[in-house]
Amino acid sequence: MGETISFEIRTGPDGKVQAVAIQRSGTTASPRQSVRRSPTSRKPSNIAIVPVLLILGLVGYVDYRFLGSPQFSVFDIPSRSIDSSIQAETQNFKCDGRQYCSEMTSRAEAEFFLRNCPNTKMDGDHDGVPCENDSRF
């Protein structure tokens, strides 16, 4: 504090006035050019990098957790409820020699006979669907 300095003023490559050849009065050291940074040439500080990294990490996590994982659709039906309803219906059916759709009282009964009873004649195109042409079902 209270020191006297001397310097030269020159215009820099960016067109701004800069102090160069700065010296303390009374010293014999060689003049040094000062390096003055413009505000646009500053590197981003660590304080600005941390929030950016946090945001990128959060976006990556959300993408992995919610978008990359398999989603359940509205049409997914738990298999236990189907199996239990089929078992409840099939408990009343037994193979008694019936073979044709006209002898069945419901589609569930026809499906039971097609799956479990020999010599049924309810699936003409052999696709596993009984009584396709029967309008009752």
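The values are calculated or read from the model by the stated rules, or taken from the named source; none is laboratory data. On a predicted model such as this, the values are computed, not experimentally measured, just so you know. Positions of Cβ are generated from backbone atoms using ideal geometry, with glycine treated the same way; all protein chains shown enter the neighbour counts.
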**Request:** Look through the range 36-59, keep the residues that are of a type in the set (S, T, N, Q) and in a helix (DSSP H, G or I), and return whichever of them is modelled with the highest pLDDT.
**Result:** Asn46
**Message:** Consider the range 92-137. How many of its residues are basic (Lys, Arg) and on the phi > 0 side of the Ramachandran plot?
**Reply:** 0
**Message:** Just the residues that are assigned to a loop (DSSP other than H, G, I, E, B) and surrounded by 10 or more Cβ atoms within 10 Å (Cβ to Cβ), please, taken from the range 1-15.
**Reply:** Gly12, Asp14
**Message:** Quick check on my filter: what residues within the range 88-114 are assigned to a helix (DSSP H, G or I) and surrounded by 12 or more Cβ atoms within 10 Å (Cβ to Cβ)?
**Reply:** Glu89, Thr90, Cys101, Glu103, Arg107, Ala108, Glu109, Ala110, Glu111, Phe112, Phe113, Leu114
